[in-house]
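Worksheet: one structure, shown below.
FYI, it's all coordinate maths here, none of it is from the lab. Small disclaimer: the values here were computed from a predicted structure and weren't measured. Here Cβ is always computed from backbone atoms with ideal geometry, including for glycine, and neighbour counts include all displayed protein chains.
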C-alpha cells in the first residue's frame with residue numbers, strides 16, 4: 001500500500017521537475033541545469049515505476065524473474081545505444097539525432113497502443129475499456145506511428161540519404177487526403193463497429209498510419225525540415241499524454257501535454273521566422289513542385305570570382321566585417337577556423353560580427369550552437385533585424401555556405417516559393433563575398449540572384465579549406 | 001448534451017489538469033530566445049520519452065506465455081530508453097558548449 005503512495009509522490013516530483021526544467025531551458029544561464037533537473041525527474045519516475053508500480057508484482061517466481069531480466073536487458077540496450085549515439089554524433093548532425101530520438105519515442109507509444117489493443121481482444125477476462133479509452137488507444141497508435149516513420153524520413157532527408165523528388169508521387173496531396181480519411185474511418189469503425197475483428201483492423205490501421213507518416217513528410221522540402229521535426233515532436237508529446245490517460249498515469253500525462261503544447265508554440269515561432277503559416281509548410285509542397293518557379297534567366301548572367309589573396313586584402317583593410325554562417329559552415333565543420341579568422345581580423349583592427357538568420361542551417365538556433373562550440377562570444381551574434389542594420393553599414397559581408405536565407409528573391413520576386421520570408425539583406429553591404437562549394441542551388445532548390453549581383457564576388461571551395469587559406473593569407477599580409 | 005455534461009462532471013479534475021498543463025506549456029516556452037530553440041526542442045524531446053513508463057507497465061502486465069506482448073513491450077522499452085537517455089545526453093552536450101563560453 002505505502003509503495004503506491006511513494007510512487008505517487010515520485011510522479012509528482014517528476015512532473016514538477018519537467019515544468020521547472022522546461023522553464024530553465026528557456027534561459028541561456030540556466031538551460032543546462034534545467035535539462036539536468038528534468039533528467040533527474042525522469043530518472044525518479046522510471047525508477048519509481050520499476051520498483052513500486054502495482055503491476056510490478058503481478059507474477060511470482062520464475063515468470064517474474066524472467067520478465068525483470070527482459071526489462072533490465074531492454075533498459076540496458078536502449079540506454080547504452082542512446083548514450084553512445086548522443087556522445088558520438090558530431091555537432092553538425094544534432095538535428096538528425098533529435099529527429100531520430102523523437103521517432104523512437106513515437107514508435108514506443110505506437111507499440112504500447114498495439115499491446116493495449118491486443119489485451120482488449122485477448123478474451124482473457126480483461127475488463128473491456130470504454131469507448132473514450134478505445135479512441136485514445138487508436139489515437140496513440142496513429143500519432144505514434146506517424147511520428148515514427150515521419151521522423152525516420154526526416155532523419156534520412158537531413159542525412160541526404162534520400163532526394164525529395166524521388167519519394168514524391170504524382171497527386172501526392174490527394175493520396176495523403178485519402179489515407180487520412182481512411183485512417184479516421186478505421187478509427188471510427190474499430191471503436192464502434194468492428195466487434196471481434198477489431199484486432200485485425202487495428203493492425204491494418206497501424207500499417208496505414210506508418211505509411212501515412214512517411215507520405216506526410218515525403219513532399220515537404222528540406223528547408224522546412226526543422227518545422228516538420230518540431231511538429232512531430234509535439235505529436236509524440238500528445239501520444240505520451242494520451243497514453244498517460246490510458247494508464248491513468250499522471251506523470252506521462254503532464255510530461256506529454258507540456259511537450260505537446262511547447263512543441264506547438266515552438267513550431268509557430270519557427271514558421272513566423274519564415275513568414276509562412278503552418279498549413280503552407282505542411283500542405284504546400286515546397287521542395288517538389290515549387291522548384292521550377294524561380295529559375296528566371298540564370299543562364300545568361302555572369303558571376304565574378306575572387307582569388308583568396310584579393311579576398312584576404314579586402315577583409316584585412318576594411319573597417320567592419322559581418323559573417324553570415326549557413327549550413328555549409330556546419331557541413332564543413334568550419335566553425336573553429338571561422339573563429340580563428342575572426343580573431344585574426346579583430347587583432348588587425350577590423351570589427352567582426354555575425355548575422356544569424358533564425359532558420360539558417362537545419363534547425364532554428366543551429367548556427368548559435370555551432371558558434372558556441374567554437375567559443376564565439378554571444379554579444380557578437382546578431383539576429384535578423386539588428387543584423388540587417390549592421391549589414392547595411394558594413395564594408396564586407398562574408399556568406400559562409402548560406403543560400404536561401406540571403407536570397408533577394410524573397411524580397412522582390414513574388415513568383416519565388418520563398419517570397420515573403422525575411423532574409424538577411426547582405427546585398428546592402430559595400431562588398432559581398434560568397435563562399436560556396438559550387439553553383440548548386442540551396443536546400444530549397446531555387447536560384448539565388450545574389451550570386452549575380454554587382455557587389456557579389458564568389459569564392460568557390462569547401463568552407464573549411466577556403467577559410468583556412470584565408471587565415472594564412474591574412475597572416476602573411 | 002447530458003452525456004457531455006456528465007462526462008465533464010466525472011472527469012473535472014482531469015480536464016482542469018489538461019487545461020492548466022497546456023497553458024503552462026505555452027507560457028513556459030513563449031519567451032525563449034532563438035539561440036535556445038534547438039536545445040529546447042531537444043530537451044522537450046527527451047521529456048516526452050516519459051512514455052517509457054507506459055512501456056515498462058506493458059511489459060509488467062504481459063503474461064509469460066504471451067510472446068507478442070512480451071516482444072512489443074521489450075522493443076517499446078528499448079525505444080523509450082533510447083529516447084530518454086539519448087535525448088537528455090544530446091541536449092546536455094549542446095548546452096555544455098553554451099556554458100564554456102561564459103568564462
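In which sequence would A:104, A:186 go, from the one with the fewest C-beta neighbours within 10 Å to the one with the most?
By the 10 Å Cβ count, ascending, the order reads A:186, A:104.
Provide the packing ranking of B:9-15, A:6-12, A:114-120, i.e. peptides ordered by the mean count of other C-beta atoms within 10 Å per residue, highest first.
Details: B:9-15: 11.0, A:6-12: 17.3, A:114-120: 22.6.
Per-residue Cβ counts within 10 Å, averaged per peptide and sorted highest first, yield A:114-120, A:6-12, B:9-15.
R0 = 56 Å: FRET efficiency of residue A:58 with residue A:455, Cβ-based, nearest 0.05?
0.15
Please compute, for peptide A:234-243, the average count of beta-carbon atoms on other protein chains lying within 10 Å of each residue's beta-carbon. Present the calculation step by step, with values, prior to reporting the outcome.
Details: counts 4, 1, 6, 7, 1, 3, 10, 6, 2, 7.
Mean shielding by partner chains, rounded to a whole number: 5.
Taking 0.36 nm per intervening residue step and subtracting the Cα-Cα distance, what contour gain separates residue A:430 from residue A:178 on full extension?
Working: separation 252, 0.36 × 252 = 90.72 nm, distance 5.29 nm.
Stretched out fully, the residue A:430 to residue A:178 stretch lengthens by 85.4 nm.
Evaluate E = 1/(1 + (r/R0)^6) for residue A:303 and residue A:389, where r is the Cβ-Cβ distance and R0 equals 25 Å; express this FRET efficiency to the nearest 0.05. Provide the component values of the computation, followed by the final result.
On the way: r = 28 Å, r/R0 = 1.11.
Computed FRET efficiency for residue A:303 and residue A:389 comes out at 0.35.
Rounded, prolate or oblate, given the Cα gyration tensor of the range B:1-61, with a/c below 1.5 counting as rounded?
Since a/c reaches 1.5 but b/c is at least a/b, the shape of the range B:1-61 is classed as oblate.
Classify the range A:181-250: rounded, prolate or oblate, from the alpha-carbon gyration tensor (a ≥ b ≥ c, eigenvalue square roots; a/c under 1.5 rounded; otherwise prolate if a/b is larger than b/c)?
oblate
Tell me the label-point distance for the pair residue A:194, residue B:96, using the 7 Å Cα-to-Cβ offset, in nm and rounded to one decimal.
Going by the 7 Å Cα→Cβ label model, 4.6 nm.
Helix A:463-476: angle to the longest alpha-carbon principal axis of chain A, degrees 0 to 90, nearest 10?
Long axis of A:463-476 versus the principal axis of chain A: about 40 degrees.
Is there a simple number for the mean count of other chain Cβ atoms within 10 Å of the Cβ of residues in A:6-19, and what is it?
Per-residue shielding by partner chains comes out at 2.
Using the C-alpha gyration tensor of the range A:1-86, what are the square roots of 5 times its eigenvalues, in whole angstrom, with the largest one first? Walk me through the numbers before you get to the answer.
Details: eigenvalues 175, 72, 6 Å².
The equivalent ellipsoid of the range A:1-86 has semi-axes of 30, 19, 5 Å.
Could you order the peptides A:38-47, A:468-477, A:246-255 from most to least packed, using the average number of other C-beta atoms within 10 Å per residue?
Order by mean packing, descending: A:246-255, A:38-47, A:468-477.
Using only Cα atoms, find the angle between the long axis of helix A:2-25 and the longest principal axis of chain A, and express it within 0 to 90 degrees, rounded to the nearest 10.
Around 10 degrees separate the two axes.
Please report the spacing between the Cα centers of the range A:141-208 and the range B:1-39 in Å, no decimals.
Centre-to-centre distance over Cα atoms comes out at 27 Å.
Arrange the following residues from fewest to most other Cβ atoms within 10 Å of their Cβ: A:191, A:236, A:140, A:302.
Final ranking by Cβ density, sparse to dense: A:302, A:191, A:140, A:236.
Principal axis lengths of the range B:26-70 from Cα atoms, whole Å, largest first?
52, 18, 10
Grab the Cα-Cα distance for residue A:90 and residue A:5, subtract it from 0.36 nm times how many residues apart they are, and report the gain in nm with one decimal.
Result: 26.3 nm gained on full extension.
How far is it, in nm, from the label point at residue B:15 to the one at residue A:65 when both lie 7 Å from their Cα along the line to the Cβ?
Result: 5.1 nm between the two label points.
Give me the mean projected area, in nm² to one decimal, of the convex hull enclosing the Cα positions of the range A:110-226.
Projected area, direction-averaged: 7.8 nm².
Find the all-direction average of the projected area of the Cα convex hull for the protein assembly as shown, expressing the result in square nanometres with one decimal place. Each step should come with its number before you reach the end.
On the way: hull surface 110.9 nm².
Answer in nm², one decimal: 27.7.
What FRET efficiency do you get for residue A:130 and residue A:72 if R0 is 30 Å and r is their Cβ-Cβ distance, rounded to the nearest 0.05?
0.35
How tilted is helix A:172-192 with respect to the longest principal axis of chain A? Cα atoms for both, answer in degrees (0 to 90, nearest 10).
That works out to roughly 20 degrees.
Hey, got the average number of other protein chain Cβ atoms within 10 angstrom for residues in A:61-70?
3
Which shape class applies to chain B: rounded if a/c is under 1.5, otherwise prolate when a/b exceeds b/c and oblate if not, where a ≥ b ≥ c are the square roots of the Cα gyration tensor eigenvalues?
Judged from the Cα gyration tensor, chain B comes out oblate (a/c at least 1.5, b/c at or above a/b).
If you take every DSSP beta bridge fully contained in the protein assembly as shown, what fraction is antiparallel? Give it as a percent rounded to 5.
The antiparallel fraction comes to roughly 0 percent.
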